[in-house]
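A short worksheet on the structure shown next.
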Amino acid sequence: MADLGNSSQADTAHKHKMTSWLTVLVLVVASVVLGFAMVLQSMPLWIAGGVLVVVGTVMAFAFKIMEDAV
């Protein structure tokens, strides 16, 4: 069998924080809500989705989620 060497990527893995995943979850839920709002032509759902987008964006800046990709 060929020696594949050390294939561990532990030292090259991205950092991650639970707050980053929570922010992504909020933005995904916002996208789903806005999708339903468009299909159902529902103004309350549209407003709720818009609020979630704003909350997710504020969370993204506050938690500096883009620094996890460095």
| task | Among the residues of the range 46-70, write down those that are of a type in the set (Val, Ile, Thr) and either within 15 Å of Phe36 (Cβ to Cβ) or not in a helix (DSSP H, G or I) (or both). | result | Ile47, Val51, Val53, Val70
| query | In the range 14-70, how many are surrounded by fewer than 17 Cβ atoms within 10 Å (Cβ to Cβ) and touching a Phe, Trp or Tyr at 6+ places or on another chain (Cβ under 6 Å)? | reply | 1
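Here, each number is a calculation from the coordinates, and none is a lab measurement. Nothing here was measured: the structure is a model prediction, and the numbers come from that model. Every residue, glycine among them, receives a Cβ derived from its backbone with ideal geometry; neighbour counts consider all protein chains shown.
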